[in-house]
Amino acid sequence: MAKIIDGKQFAADLRGKMTTQIASLKEQHNIVPGLAVVLVGEDPASQVYVRNKGKQAKECGINSIEHKLDESTDEAFLLNLIDEMNQDPAINGILVQLPLPKHIDSDKVLNAIDPAKDVDGFHPINVGLLSTGGKGMIPCTPLGSLMMLQDYHGDLTGMNAVVVGRSNIVGKPMFNLLLQQSCTVTVAHSRTKNIEEVVREADIVVAAVGVPELVKGSWIKPGATVIDVGINRIETDEGKTKLVGDVEFESAVEVAGAITPVPGGVGPMTIACLLYNTMVAACRHNNVDMPEA
Ligand code: NDP
């Protein structure tokens, strides 16, 4: 039976450490990290995410600023707001909640964010810095997944990792992060042949597919570590709904050495890493070392 990697606890511990670090930033340097979150429209899921981000940011001592804009907000207004926030020294992180309404060009908006304040790590400059090993901002979900892997394994050098999924927000940055840690990395996707056999070679499996329970226990090498990034809401036989990952937990937990559950695995780490990136950005902007936890 696999060890369950408790992402909820890991995220709570990380926030606890950050609270201490942010308190010493204030005490020693009078720095209060600032995170601006922009929400356009009324998407209910986005409203919940934004609320949680703001609440957790405040709990850690981050100054959280929310811009809730009407669905009809035009692109020029949004670009102007981003420009103002880029110039504002009190704001270290800018996050534009996706999806944006259809009349707004998301790429144009995301690319307008100062890369040094791009706490989501989606700006092409940060994508480039990650792939060349530079000092950019790292996307939150892959960063949280890596932190849990490093906590469990220590050094990842030489391990065989398979990332299932090649999206810009999860699969590709995860590939780069694992490569930086000297893993031998394979990226599988919808066109991969014999995917079960490819996955069965892995010491580390990261599943970011968006297909409920695609990866079965029979695909997993005994003792492998499984990071399930997927969040899928499915209907149960009783007509209710529940969240499942991209891995079939019941069968995988019997074979894996360690596994993240859904919910309570990667999900909580994503927000914690957004706050972590905001703290990192605040230290860089003010040219100070990150305080000890
Ligand atoms: P995308 O839809 O952008 O990418 C999915 C990837 O999976 C694609 O590369 C696709 O391949 C591949 N894929 C799809 N079907 C298969 C298949 N049958 N076999 C192999 N590969 C397949 O998804 P995201 O990366 O944005 O998200 C992935 C999952 O992670 C989702 O469940 C999402 O909800 C979740 N997520 C969770 C987060 C968290 O905080 N925990 C944050 C972000 C995402 P191809 O490129 O060939 O089409």
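What do you reckon, is residue 85 of a type in the set (A, V, I, L, M), surrounded by 18 or more Cβ atoms within 10 Å (Cβ to Cβ), closer than 30 Å to residue 212 by Cα and out of contact with any Leu (no Cβ under 7 Å at 6 or more places or on another chain)? Here the answer is no, as residue 85 does not meet what is asked. How many residues are touching a residue at least 40 places away in the same chain (Cβ under 8 Å), under 16 Å from residue 287 (Cβ atoms) and of a type outside the set (A, V, I, L, M, F, W, C) if we restrict to the range 25-40? So the count comes out to 3. Might you let me know whether the range 215-228 holds any residue that is within 10 Å of the ligand (Cβ to nearest atom) and in a loop (DSSP other than H, G, I, E, B)? Checked against the condition, which is being within 10 Å of the ligand (Cβ to nearest atom) and in a loop (DSSP other than H, G, I, E, B), the range 215-228 yields no hits at all. I need the full set of residues from the range 47-69 which are touching a Leu at 6+ places or on another chain (Cβ under 6 Å) and surrounded by fewer than 21 Cβ atoms within 10 Å (Cβ to Cβ), in order please. Scanning the range 47-69 gives 50, 68.
Let's see how each residue does on (1) over 17 Å from residue 130 (Cα atoms); (2) assigned to a loop (DSSP other than H, G, I, E, B); (3) near the ligand (Cβ under 10 Å from one of its atoms); (4) within 20 Å of the chain's Cα centre (by Cα):
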| site | (1), (2), (3), (4) |
| --- | --- |
| 158 | yes, yes, no, no |
| 174 | no, no, yes, yes |
| 199 | yes, no, yes, no |
| 212 | yes, yes, yes, yes |
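Taking the residues in the range 112-139 that are under 18 Å from residue 181 (Cα atoms) and of a type in the set (A, V, I, L, M, F, W, C) as candidates, determine which candidate is surrounded by the fewest Cβ atoms within 10 Å (Cβ to Cβ). Result: 129. Is it the case that the range 68-82 has a residue that's under 26 Å from residue 287 (Cβ atoms) and at pLDDT 95 or above? Yes, there is a match, as at least one residue in the range 68-82 is under 26 Å from residue 287 (Cβ atoms) and at pLDDT 95 or above.
The values are calculated or read from the model by the stated rules, or taken from the named source; none is laboratory data. Here the structure is a predicted model, which means the values were calculated and not measured. We place every Cβ from the backbone using ideal geometry, glycine too, and count neighbours over all the protein chains shown.
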